[in-house]
1. Among A214, Y175, V156, which residue has its Cα positioned farthest towards the positive end of the charge dipole of region 88-219, with +1 placed on the Cβ of Lys and Arg, -1 on the Cβ of Asp and Glu, and the dipole taken about the Cα centre?
2. Suppose we keep just the DSSP beta bridges with both residues in region 303-458; what percent of those would be antiparallel, to 5?
3. Could you list T333, T29, T47 in order of exposure, starting from the residue whose Cβ has the fewest other Cβ atoms within 10 Å?
4. Could you tell me, in Å, what Rg and Dmax come out for the Cα atoms of the chain?
5. Is there a quick way to get the dipole size of region 265-409? I mean about its Cα centre, with the Cβ of Lys and Arg at +1 and of Asp and Glu at -1; what is the value in debye to the nearest 20?
6. Report the charge-dipole magnitude of the chain in Debye, nearest 20, computed about the Cα centre from +1 at each Lys and Arg Cβ and -1 at each Asp and Glu Cβ.
7. How many Å³ per residue does the convex hull of the Cα positions in region 216-260 occupy?
8. Restricting to Cα atoms and excluding each atom paired with itself, what does the Kirkwood estimate give for region 288-445 in Å?
Amino acid sequence: MSAIPGRHVVVVGTQWGDEGKGKLVDWLTETATGVVRFQGGHNAGHTLVINGVKTALHLIPSGIMRDGVRCYIGNGVVLSAGKLLEEITGLEKARVEVRSRLRVSEGCPLILPFHAALDVAREVAKEKSGAAKIGTTGRGIGPAYEDKVARRALRVQDLKHPDRFERKLRELIAYYNAQLAMLHADQVDWSQVAWLKDQPLSAFVRGGSVDFEAVRQQALDHAKALLPMVADVSRELNEAHKAGGNLLFEGAQGTLLDIDHGTYPFVTSSNCVAGNAAAGSGVGPQLLSYVLGITKAYCTRVGGGPFPTELDWETPGTVGYHLSTVGAERGTTTGRARRCGWFDAALLKRSAQVNGLSGLCITKLDVLDGLKELQLCVGYLLDGERIDLLPLGADDIERCQPIYETLPGWSDSTVGVTRFDRLPQAAQSYLHRIEEVAGVPIHLVSTSPDRDHTILIQDPFQA
Ligand code: GDP
Ligand code: IMO
Ligand code: MG
C-alpha cells in the first residue's frame, strides 16, 4: 500500500520581515520531515533560541536544529556559495550535522562578489545625489535577481562545468564593469560601508573594476564543497510528499517587502508571498494545504520606505523606545536598528488577502507587557477618504494617515506563557480584536524568543 501523502505548510512574514519566522519554523519542525527555502538569499536573518542558546541563520532553512529534518534550498533562492559554506562551518562548530541533510537546487542563480559591489555602489550613488536609498542589506540580492530575469545569470549547475562557468563569468563581468564604471565605483571605499564588515569586497573589486581571476578562483573552490549537496530539489520534494512527509515552506522577508505586493520600490527583489512557495521550489500549488502568517504584535521595518504607524523609537521614555529596547529590535543580518511602530491591522488585511492566510501566529506579545494603552491601526485617511486596506506602492502609502483604536494594555508578564487562557484578559482582547479586523484566526502565539514559549491553538499540520 502506498503512504498517505504528507501535509505541507507555508510560513510567511506578513509585515516587513523579522516577525519571528525562524523561531516558529524551528518549533513547527517537530512534526515535519523537511524545511524548504524558496526565495530571497542571505539578506534574511533568523534567530533561533533553543534552551537559551542562540543560533543565527541566513540561508540554511530553520529546520537544521532538529536532528533528522532535511533542509532544501529551492531554485527561487539566490545563492552565495561562500556565505552558505560559512554558515555550514559555523553550525558544524556547534556540532550540528548539515552536509548530509542539506540539498541545494542546481537552478539557484549564484550571488558573486560583484553583485554586492553593484548593490552597494548604487546605494552610495543614491546617497551622494540626495535620492532616497532603498536601504538594502548590501548582499547583492537585487542585481542577482536582475541577472536571473535578464537570462544572463550564472546558476549553481554552471559550477559543474568549469569551462562553461568561465565563459559565462567573463561575459557577466564585462557587463558589471560597465555598470560599476557608470556609478564611479572606483571612488567607493568598500571598507567604509558600515554594514559590510563581514564581506570584504576589496579582494574582488579593485579600482572600481572586478578582478576576473579572483572571482573565478574563489567560485571554483566553493564548487568543490558545494556540489556534493547539489540536487534536483523539485524531484526530492515531490518524492518526500509521496512518501508521506510533512514539509514546511519557509518564507524569508515579509509581504510588504514583496516585489509586487510590497511598498514598491522600497522592497526586496523577490516574491515573498505564499504563492511563490510552489514556483520557488518546484512543487505544484495543490500540494500546499495551509498558509501561516507570522505577525509581530507591533510593527518594525529595517531600511527605507513608508511606515504609516511608525513611532519615535529613539527617544527614551516613549512607547517606540520601549518597543525598540524591550523587543531588542536590531537586524540579525546587518545589525542596523529596526524602526518601530504600532500594530497595523489594515496592513495585515492586505497580507491576508495576497497570501490567502489560513491562520496567524502573533509573536513578541510579551514586548507589549507594561504598556498602559495600545493603539491599533484599523484603516487610513488617504486624500480625505477613509480606507480600510493598505494601498499598493510607496507613493500612496506615504500619504496615508493611520486611524487608531485605543485598547487597554496589561501589567502582568506574558513571558513564557504557553496557554491562551493564562494570558491577561486585556492581552486576549487585543488578540481577538486583531483577528476580527484582519479576518483571520490566530492559531499560535509566541511569548518569548525561546523555542518552547509558544501557545498552540490550532496545529497547522492538522487544520
Ligand atoms: P525572522 O527574520 O522573521 O526569522 O525574525 P528574526 O529572527 O530576524 O527576528 C525576530 C527576533 O525576535 C529574534 O531575535 C527572535 O529571537 C525574537 N523573538 C521571536 N519570537 C519572540 C517572542 O515571542 N518574544 C520575544 N521577546 N522575542 C521573540
Ligand atoms: P528576514 O528574512 C527585514 C529589507 C532591507 C531593505 C529591503 C531591500 O530576516 O525577515 P535587499 O538587500 O533585500 O535588496 O533589501 O529589504 N530586508 C529585510 N528586512 N528582514 C529581512 O529578512 C530582510 N531582507 C531584506 O532592509 O529595506
Ligand atoms: Mg530576520
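Every read-out reported here was derived from the displayed coordinates using simple, explicitly stated rules and does not represent laboratory data. This one's a predicted model, so the numbers in the text were calculated from it and none came from an experiment. Positions of Cβ are generated from backbone atoms using ideal geometry, with glycine treated the same way; all protein chains shown enter the neighbour counts.
1. V156
2. Looking only at bridges with both residues in region 303-458, the antiparallel portion is about 75 percent.
3. By the 10 Å Cβ count, ascending, the order reads T47, T333, T29.
4. Calculated on Cα positions, Rg and Dmax stand at 21.9, 67 Å.
5. The dipole of region 265-409 has a size of about 460 debye.
6. 1100 debye
7. Measuring per residue, one finds 154 Å³ for the Cα hull of region 216-260.
8. This gives a value of 16.2 Å.
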